[in-house]
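I have placed the structure first, in the form of structure tokens, so that the comments after it can refer back to it.
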Amino acid sequence: MIPLLHDFTGQTVLVFGGGAVGARKARRFAREARVVVMSPEFDDAEEFGGAQLVRAAPRSADLSAWLDRATPALVVAATDDAELNAAIEREARERGALVNRADEHGGREPGSVVVPATVREEPVVVAVSTGGTSPALSKHLRERIEPELEGAGAMAELTAELREELRPLAPTVRREAIRSVIETPAVWKDLRSTGAKRPQVVADVIERVVDREGGSP
């Protein structure tokens with residue numbers, strides 16, 4: 001499977017299933033999309049991240065009408081009925097919607113979607129997936145990675161500014177200067193401790209690189 005980032009702004013995610021798995025999926029997407037969750041009952045309505053909850057028992061014969069009404073970009077099949085989940089998947093595929101089967105692990109149909117464990121330090125996003133085989137491992141790895149990303153968002157913004165400001169330099173010098181900024185522990189320490197966008201240490205690093213490599217275009 002190839003990892004991709006998808007913008008769900010203004011789109012609908014339709015979740016079938018009111019249990020813990022459905023709630024987790026709903027919370028995950030509620031930050032970026034309109035989420036509708038359908039189930040005859042919900043374990044805890046407060047756990048669905050503000051998603052729209054529809055109390056209904058979907059039957060295979062009714063799925064077509066529900067999908068036509070919601071026009072979802074992504075359909076999540078998270079019920080405890082494997083046959084119903086399979087029917088949900090078939091109906092979603094017929095409409096060209098993305099499909100996430102919460103009850104499948106490992107082998108999947110082409111076009112399937114796996115929702116990864118995600119660490120965010122905007123604008124940096126890191127996703128971890130085991131292809132659905134071990135959610136516990138994905139969670140464990142996410143928790144290990146999370147502390148390492150502290151300051152990564154500020155670093156991304158800083159280096160984006162540097163790419164523009166250093167354009168007069170020769171390309172090789174510019175690349176080396178930015179690489180050196182990223183690899184300098186003192187820069188990370190300063191970003192993490194003060195949140196400053198332009199610590200003095202950055203200027204020092206760039207000056208050393210330019211002196212060493214030569215900065216003429």
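The values are calculated or read from the model by the stated rules, or taken from the named source; none is laboratory data. Note that the coordinates shown come from a computational prediction; the quantities given were computed from them, not determined experimentally. Here the Cβ is made from the backbone with ideal geometry for all residues, glycine too, and neighbour counts use every protein chain on show. The protein model used for the area step is the full one, side chains on, heavy atoms only, and it has no ligands, DNA or RNA in it. Shrake-Rupley method; radii C 1.70, N 1.55, O 1.52, S 1.80 Å.
Things worth noting here:
- Net lengthening on full extension, ASP204/SER134 (0.36 nm per residue, minus Cα-Cα): 20.7 nm
- Ranking SER60, SER134, SER39 by solvent-accessible area of protein heavy atoms (1.4 Å probe, all protein chains present), from largest to smallest, gives SER60, SER134, SER39.
- Sequence of ASP43, ASP62 when ordered by accessible area, the most exposed leading, probe 1.4 angstrom: ASP43, ASP62
- Residue list for segment 55-75, given a label point 7 angstrom along the Cα-to-Cβ vector of ALA45 and an amide N cut-off under 16 Å: 55-57
- Note on GLU157/ALA61: beta-carbon distance plugged into 1/(1 + (r/R0)^6) with R0 of 41 Å gives a FRET efficiency of 0.20.
- Rounded FRET efficiency, nearest 0.05, which uses the C-beta distance separating LEU5 from ARG212 and R0 of 45 Å: 0.80
- Protection proxy ranking, peptides 72-83, 90-101, 137-148, average beta carbon neighbours within 10 Å, highest first: 72-83, 90-101, 137-148
- Alpha-carbon Debye profile of segment 65-217, log10 I(q)/I(0) at 0.10, 0.20 Å⁻¹: -0.59, -1.13
- C-alpha center-to-center spacing [segment 46-93, segment 111-165] in angstrom: 29
- Farthest towards the positive end of the charge dipole of the chain, among the residues SER60, GLY214, LEU4, is the Cα of GLY214, using unit charges on the Cβ of Lys, Arg, Asp and Glu.
- Kirkwood's formula applied to the C-alpha pairs of segment 132-184 gives a hydrodynamic radius of 13.3 angstrom.
- Its relative contact order, with pairs defined as Cα atoms under 8 Å and 6+ residues apart, puts the chain at 12 percent.
- Full-stretch length increase - ILE182, ALA86 - with 0.36 nm per residue and alpha-carbon distance subtracted: 29.9 nm
- Taking the DSSP bridge list for the chain and keeping only pairs wholly inside it, about 20 percent are antiparallel.
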